[in-house]
1. Mind listing whichever residues of region B:137-154 are in contact (Cβ under 8 Å) with a residue 24 or more places away in the chain and out of contact with any Ser or Thr (no Cβ under 8 Å at 6 or more places or on another chain)?
2. Exactly one condition in (1) within 14 Å of chain B (Cβ to nearest Cβ); (2) surrounded by fewer than 14 Cβ atoms within 10 Å (Cβ to Cβ); (3) more than 24 Å from A:Ala302 (Cα to Cα); (4) not acidic (Asp, Glu) is not met by A:Phe154; state its number.
3. Consider only pairs whose beta carbons are under 7 Å apart and that are at least six residues apart or on different chains; among these, list those whose first residue lies in region A:226-251 and is within 14 Å of another protein chain (Cβ to nearest Cβ) and outside any helix (DSSP H, G or I) and whose second residue is surrounded by 22 or more Cβ atoms within 10 Å (Cβ to Cβ) and of a type outside the set (Lys, Arg).
4. Given (1) without any contact (Cβ under 8 Å) to a residue 24 or more places away in the chain; (2) surrounded by 15 or more Cβ atoms within 10 Å (Cβ to Cβ), identify the lone condition not met by B:Ala38.
5. Failed condition for B:Ala183, given (1) within 14 Å of chain A (Cβ to nearest Cβ); (2) surrounded by fewer than 21 Cβ atoms within 10 Å (Cβ to Cβ); (3) more than 22 Å from B:Asp464 (Cα to Cα); (4) out of contact with any strand residue (DSSP E or B) (no Cβ under 9 Å at 6 or more places or on another chain), with all others met?
6. Can you work out which of the residues in region B:216-241 that are part of a loop (DSSP other than H, G, I, E, B) and out of contact with any Pro (no Cβ under 8 Å at 6 or more places or on another chain) is nearest to B:Leu493 (Cα to Cα)?
7. For region A:164-177, what are the residues that are over 17 Å from A:Thr98 (Cβ atoms) and modelled with pLDDT under 80?
8. Tell me, please, whether a residue that is within 14 Å of another protein chain (Cβ to nearest Cβ) and part of a helix (DSSP H, G or I) can be found in region A:183-193.
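The values are calculated or read from the model by the stated rules, or taken from the named source; none is laboratory data. Worth saying up front: this structure is predicted, and the values here are computed from it rather than measured. Positions of Cβ are backbone-derived with ideal geometry, glycine not excepted, and every protein chain shown enters the neighbour counts.
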Amino acid sequence: MARYLLTRVGQSIVTIFLSSMVVFAGMRLLPGDPAVSLAGEEATPARIAAIRAEYGLDRPVWVQYATFLRNSLHGDFGRSLRTGTPVSELIRSTLPVTLWLAAYALLISVVVGLILGVVAERFRGRWPEWGANLVAMVGLSVPSFWLGLLAILFLSVDHHVFPASGYVPMMQDPARSLYHLTLPALVLALALAAVVMRQTRASMIATMQSDYVRTARAKGLRRGRVLVRYGLRNSLIVVVTIVGLQLGGLISGAVVTESIFGLPGFGKLTLNSVFSRDYPVVQAVVLLITVGYVLINLAVDALYSVINPRIRVAGAV
Amino acid sequence: MPQDAEKLLEITDLHVSFGDTEVLHGVDLRLDRSERLAIVGESGSGKSTLVGAVLGLLPGSGRVTSGSIRLAGQELAGSHERVWRSVRGERIGLVPQDPGTNLNPSMKIGAQIADALRAGGLRSSAVRERVIELMTEAGIPDAARRAGQYPHEFSGGMRQRVLIAVALARGPELLVADEPTSALDVTVQRRILDHLESLVDAHQTSMLFVTHDLGLAADRAERVVVMYRGEIVEAGPAKAILGDPQHEYTKRLVAAAPAVTARTTGAMASAATSAEAPATPVPDPILVIESLTKEYALRGRRGQRLVAADGVSFAVERGTTTAVVGESGSGKTTVAKMVLGLETPTSGRVLIDGQDVGVDSRAQRRQLRRRVQPVFQDPYGSLDPSYTVERIVAEPMEIFGTTDRAGRRRRVAELLDQVALPRGTASRRPHELSGGQRQRVAIARALAPSPDLVVCDEAVSALDVLVQDQILRLLDELQRNLGITLLFITHDLSVTRQIAHRVVVMEKGRDVEHGPTEQVFTTPTSAYTAELLEAIPGAALAR
């Protein structure tokens with residue numbers, strides 16, 4: 001088990017290293033020169049050269065990469081070309097917003113998705129399944145920005161249930177923070193909830209037809225117990241994989257959602273920095289997203305071995 | 001009435017349908033207290049459906065359309081789920097078929113047995129103790145420790161013991177054993193059934209024993225019921241039915257059961273004459289295996305190796321059948337794979353007509369491959385479902401470039417004739433065919449490049465007895481007409497006796513015995529062979 005996880009951690013480090021190279025190279029290959037855009041409209045060649053020298057853009061690419069790597073490891077991502085604020089500071093102020101939003105959305109989608117999935121299996125061919133399928137269909141097919149706008153119109157403007165925008169830090173006032181985050185989290189969660197519901201349903205249908213479920217019923221167990229301990233537990237393996245793969249989608253979804261609800265989050269930072277070619281910020285943001293992805297996958301793998309005892313042994317042997 | 005007090009299970013005129021299709025057409029059955037009754041039938045005969053109906057666990061759209069199922073006088077057919085729950089586990093225990101799939105893979109063994117006890121309302125303080133007691137009773141050593149393990153840490157036989165513990169947990173009056181050992185090796189099967197029998201006797205439990213194996217039914221039950229196409233065609237004391245079958249189907253079944261009759265096919269007749277001195281070297285060998293060894297490195301355990309085959313040597317005479325017999329893990333399939341060139345030996349040689357299969361030249365290896373063709377166990381898995389039969393059979397000819405398109409077409413038709421399939425089969429796909437038909441296609445495919453040696457790896461073990469008999473006859477006939485040599489890998493000694501001229505018995509990677517079939521069967525020299533022979537079900541019939 002320990003060995004298995006250690007191998008996975010090693011693989012993750014290699015992945016992160018390789019992706020840092022890709023991120024760095026990718027930024028250099030993009031058209032447009034940051035020094036030019038930074039110098040403004042009335043730039044002289046001398047001014048541009050001065051800016052290059054200041055940000056080290058005139059040095060060889062590999063030197064720039066080495067510097068970038070060393071500094072990144074120390075948590076120093078340079079300064080924003082646009083505002084001059086240290087990138088680490090920008091991240092520190094925006095990341096929690098997105099993490100809370102994503103965590104909240106994840107919680108909602110998993111809870112809603114699992115319940116709907118189990119309900120759909122349990123009442124196959126009857127109205128609860130149709131209802132669950134309808135929710136999934138809406139979640140998968142309606143774009144989140146449209147849904148977000150509808151939610152604002154209906155729940156905020158017309159009925160004043162939730163605020164349309166604004167953010168309160170979680171540490172400052174949890175209740176008000178959740179209140180502000182609920183609507184964006186719901187909007188963000190719906191697509192993932194739909195995916196979780198579908199996977200749960202499909203995987204539950206297969207599991208509930210398995211031999212061990214029949215044997216469990218032959219023991220005289222109640223349906224509910226069979227459903228949870230025999231059905232759901234074994235279905236979760238598939239669901240966890242899918243959720244892990246979809247979490248990335250949650251991050252990109254957050255970019256849109258944050259823009260609609262005016263949340264000062266990581267997604268908004270990403271969007272703004274890309275539009276203004278703020279290299280240091282984009283680099284840091286993309287690298288962090290990559291690291292996030294890798295960590296999520298690592299967590300998913302670790303979670304597997306908890307759910308599925310066979311993997312524990314496979315890793316140990 | 002005193003007679004009624006004896007009656008435990010009484011099924012009258014039971015009809016079961018799946019959707020609009022009726023699969024049980026008026027089944028009548030009666031089981032007395034502490035009686036053992038066997039239900040025998042091939043796949044599709046409705047025996048598993050009957051089990052489902054008795055437990056109120058019919059899959060999918062299955063439902064009882066009419067008739068009655070009475071357990072000690074209480075009507076169960078059409079009962080509410082709550083009633084069924086009070087019956088399942090408490091009054092009827094189920095020992096299911098496949099120990100590999102009937103335990104929850106993500107739940108500890110102890111917890112799975114405990115579940116059965118808790119469903120019966122046992123207090124949690126007493127549960128653990130009782131779980132260990134039940135496991136010990138079922139013959140699982142070191143129960144206290146093993147209760148904390150997961151199913152994948154148990155062997156097939158041990159898992160079946162766990163399932164027996166589950167079934168007997170609450171001391172039911174009736175035990176339904178649905179093919180409880182068909183997935184296990186014969187020696188394990190025998191130990192488990194002996195144990196099950198002693199437990200059932202000790203608790204005076206009645207047993208409904210469902211099996212496809214006539215010999216097993218006769219060994220293990222007092223009365224036998226034969227099911228065919230959703231009906232009971234014959235019922236009575238085991239000996240009477242098998243000694244003097246009345247119904248056409250039962251007659252065929254008895255005739256086909258390999259262990260029952262010492263029926264001698266053509267192969268057997270010649271075997272009897274060629275069986276001479278034990279040390280006679282095989283004349284005119286087409287295949288010679290010389291101290292063949294295969295080791296696998298065990299993943300993650302440096303230096304440790306699994307020896308799948310350990311210095312195996314034997315020879316196969318041209319135009320005859322040699323059976324390699326052994327239980328799972330004996331290395332028989334590894335040997336087959338090396339003969340087919342699918343695995344490279346760690347040491348030792350495989351010679352086809354004096355030529356080493358492991359030659360370096362690609363062209364020569366290819367030539368050798370053509371001469372040795374396989375037929376595999378699973379007729380469902382070994383044929384590409386998206387190909388037509390014609391394409392499946394023609395493919396080897398295409399690969400070896402034997403003839404042109406028109407020639408291949410003619411040859412396919414000819415091959416289908418040889419394996420007794422209608423020519424129209426050529427345009428069909430595997431899923432439209434029955435298991436036996438598929439295996440015929442697999443044989444036609446093996447014959448396509450005109451091989452000298454056909455390796456049959458458990459080629460008939462997935463088939464029903466009657467179909468199995470037909471395929472064995474077909475192979476025998478093909479051998480006589482085409483002169484092909486057969487290397488028959490099997491765990492089934494009855495099949496071996498029916499088809500093989502010579503036998504090689506394998507145990508733990510070694511060839512522990514070989515010789516002419518009759519000699520090995522009548523005067524085995526190794527203790528292991530004797531144990532295997534002893535475990536063959538159907539001894540009750542031979543008497």
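1. Selection gives B:Glu137, B:Ala138, B:Gly139, B:Ile140, B:Arg146, B:Ala147, B:Gly148, B:Gln149, B:Pro151, B:His152, B:Phe154.
2. Single failed check for A:Phe154: (1).
3. Within 7 Å, no pair qualifies.
4. (1) is the only condition that B:Ala38 fails.
5. (3)
6. Of everything passing the filter in region B:216-241, B:Ala221 is nearest to B:Leu493 (Cα to Cα).
7. Hit for region A:164-177 is A:Ala164, nothing else.
8. no
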